[in-house]
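Read-outs: derived from the displayed coordinates by stated rules, not from any lab. Treat the numbers as computed from the prediction; the structure is a model and nothing was measured. Using ideal geometry, Cβ is built from the backbone for each residue, glycine included, and neighbour counts are taken over all protein chains shown.
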Amino acid sequence: MSAPSRRQSVRWRRKALRATLHALLIVSGFTFLVPLIWVLVTSFKRGAEVFIVPVQWIPARPQWQNYLEVFRLLPFAVFIRNTLVITVLGTMGSVVSALFVGFSLSRLRWPGRELVFVMLLATLMLPDIVLLVPTFVIFKTLGWLNTFYPLIIPSWFGGAFYIFLMRQFMMGIPYEMDEAGRIDGASSLRILWQLLAPMSAPAIATVAIFSFLAHYNDFMGPLIYLSSNEKFTVSLGLYWLSGRWGTLWNLVMAASTITLLPLVVLFFAAQRYFVRGIQFTGLTGR
Amino acid sequence: MVVLSPLPALRRRLPSGVRLREWLDGWLFASPFILGVLAFWVAPMLYSLFLTTQDWDMLHAPDFIGSGNFRKMLEDPLVRTSLWNTAFYTFLSVPLNLMVAFSLAVALNQRLSGRSVYRTVFYLPSITPAVASAVVWLMVFNPEFGMLNSILGLFGVAPVKWLFDTRIAKPAFIFMQLWSVGPQMIIMLAALQNVPQEALEAAQIDGAGSWARFRNVTIPMVSPALLFNLIIGIIGSLQVFTASFIMTRGGPQNATLFVVLYIYENGFSKLQMGYAATLSWLLFAIIMLFTLIQLKASRRWVYYEV
């Protein structure tokens, strides 16, 4: 009997390596997902069931009413509405300002343009902790405490990450488009809205997604600017729930699931844009 | 009539017609951002500098105390505690995160089936809101019935107090932070996929084994991405807040009192705006210092393809 050929042993080694890799990835992947699975499972348990050791992975009788209970304990519907208002208006601001400023930085030539670009990069790198206290005081002076304004208005003045993303993307669009528009006598505004913007749809989608994420997940902003309960966002609502009724883990987990659901849906619907946005700019989004 | 401009430079500086319109459009379209930087960066930073000289609780008029806040900061033991806590957390979690992100990226860079599924799995936790994450991990770390202790119990290990143990609270935070390596992993994966095949093949022809190829071709090629993740990671970690606010409020016994949390407490709990502003400038200076150090050191180990 002949010994196995060299090619066969190499193939075996490669298969074994790949199998090991899969095993490692599955185990790591599992540890990543387990907390989320736990959240879902716990949200359907009865109060006493949560504490049973060893852990029960499938609740005996799924308690859908936990979810209703969350809405009964706290005005979660109002929190959701508030969050949507802030998120949608804020995201609109991010997108519009990114379009204008990104266009200006990439397609128009004007003195000081490179300086503004450096400013853009600087605001990306500078720690914004130093802005916390003075910005609060500025908004207090404006009388904007306990309103949604501090959470929405700044987005309309441009977010560095979004402008950067839009600029980089637009720089990849051939300049002949603008030139054709100029020859036809179009103003910069028309070139932006009727030519560049439609062509930048992927970048717009990416900005919208990251901005949505940033506004939705924001905790410190609502924490320091919103004081009346009926203005709270979902983040604050969850914090309130876990603070006041923290021992009712099944309800807290139900509320967490409610909080996470829109994000999971968004992610699965728009996965490409998440990944592309990160790869394109090399930034993880802010 | 021949127009001989005696000042060609001036003529170039003031164009007319289409060119001028492009200039004006440029400024106009960029104005939201320029105004935004003035209103939300420059003005607050200047005002914050001014605030450091004030003693102000927002209920009464501010009181000028010159360098009083700075002296207080130098004598405040909690400043040292919070700096130590933040440094411990940052300089352990950032390299750890980077290694995990890189390893996962290397693994996903192999020709495996189901890569996008793995990618989803590792990325998904990073989009959870910090609040939800904090609440979830509070449950995982719970000493009585939390998931971690039940799993340890299966191996016969005694339950750990996790967030209630002064020695384990910070490592617990570091462990928890690993959950959000998703974005970093994606950046490293993109960098790995950009390593030119020719370079790897050339090395292979020259007889380099896979580890040598990895060390001498792959790593230098992705070093800019590594540096970037390192810098952004450190800047972010030095400003950790939400998890410590929700989960431990700085406890147990100030073991998780991070700098930003301490700033928040001083500004919004104790209503000492001047002192809080001073502390935030301290953190700002520290972050800038570390960023500069990293950039200088990077010349030694980062390889840029010109």
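Okay, here's what the table says:
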| read-out | value |
| --- | --- |
| Of the DSSP H helices in chain A, those whose Cα atoms cover at least 18 Å axially and whose Kyte score averages 0.5 or more | A:6-43, A:76-107, A:113-125, A:201-217, A:249-269 |
| Pairwise Cα inverse-distance average, inverted: Kirkwood Rh of chain A (Å) | 22.7 |
| Dipole of chain B [Lys/Arg +1, Asp/Glu -1 at C-beta], most positive-end residue of B:Thr128, B:Gly182, B:Phe228 | B:Phe228 |
| Globularity ratio of the range A:199-286, using Cα Rg and 2.2 N^0.38 Å | 1.30 |
| If the convex hull is drawn through the Cα atoms of the range B:1-159, its volume per residue in Å³ | 375 |
| Using a Förster distance of 35 Å, the FRET efficiency for A:Ala77-B:Val100 (Cβ separation, nearest 0.05) | 0.35 |
| Dipole in debye (nearest 20) - chain B, about Cα centre, beta carbon charges: Lys, Arg +1; Asp, Glu -1 | 600 |
| Pairwise centroid distance, computed over Cα atoms, of the range A:1-72 with the range A:170-208, Å | 46 |
| For the range A:54-109: rounded, prolate or oblate by the Cα gyration tensor [a/c cutoff 1.5] | oblate |
| Computed FRET value (nearest 0.05) for B:Phe88 with A:Arg190, which takes r as the C-beta separation and R₀ as 45 Å | 0.20 |
| GNM result for chain B, Cα springs below 10 Å: residue of B:Trp281, B:Trp23, B:Trp84 fluctuating most strongly | B:Trp23 |
| Order of A:Trp240, A:Trp12 under a 10 Å beta carbon neighbour criterion, fewest first | A:Trp12, A:Trp240 |
| Kyte-Doolittle mean at least 1.0 and Cα axial length at least 18 Å: DSSP H helices in chain B | B:77-109, B:219-237, B:273-301 |
| Sequence-distant aspartates and glutamates (8 or more away, or on other chains) whose Cα lies within less than 20 Å of B:Lys170 | B:Glu144, B:Glu265 |
| Per residue convex hull volume, Cα atoms of the range A:85-166, in Å³ | 103 |
| Enclosed volume per residue, in Å³, of the convex hull spanned by Cα atoms of chain B | 272 |
| Whole-Å semi-axes of the range A:6-66's equivalent ellipsoid (Cα gyration tensor) | 42, 10, 9 |
| For the range B:16-64, alpha-carbon Rg over 2.2 N^0.38 Å | 1.93 |
| Value at 222 nm in deg cm²/dmol, rounded to 500, when DSSP H runs of n ≥ 4 in chain B each add -39,500 (n - 2.57) | -20500 deg cm²/dmol |
| Distant alpha-carbon pairs in the protein assembly as shown (separation over 31 angstrom), percent | 57 |
| Rg [Å, one decimal], Dmax [Å, integer] - the range B:94-199, C-alpha atoms | 16.8, 56 |
| Centre separation in Å (Cα based) which lies between the range B:138-214 and the range A:221-285 | 24 |
| Residues B:Glu305, B:Glu265, B:Glu201, sorted so that the one with the fewest Cβ neighbours within 10 Å comes first | B:Glu305, B:Glu201, B:Glu265 |
| Choice from A:Leu192, A:Leu145, A:Leu132 with maximal GNM fluctuation in chain A (Cα, 10 Å cutoff) | A:Leu132 |
| GNM top mover of A:Met92, A:Met166, A:Met119 - chain A, alpha-carbon springs below 10 Å | A:Met119 |
| Proxy reagent accessibility, fewest Cβ within 10 Å first, across A:Met177, B:Met45, B:Met99, B:Met273 | B:Met99, A:Met177, B:Met45, B:Met273 |
| Per principal axis, descending, Cα span of the range A:132-265 in whole Å | 67, 39, 21 |
| Stokes-Einstein translational diffusion, the range B:166-240 - Kirkwood Rh over all Cα pairs, 1.002 mPa s, 20 °C, in µm²/s | 148 |
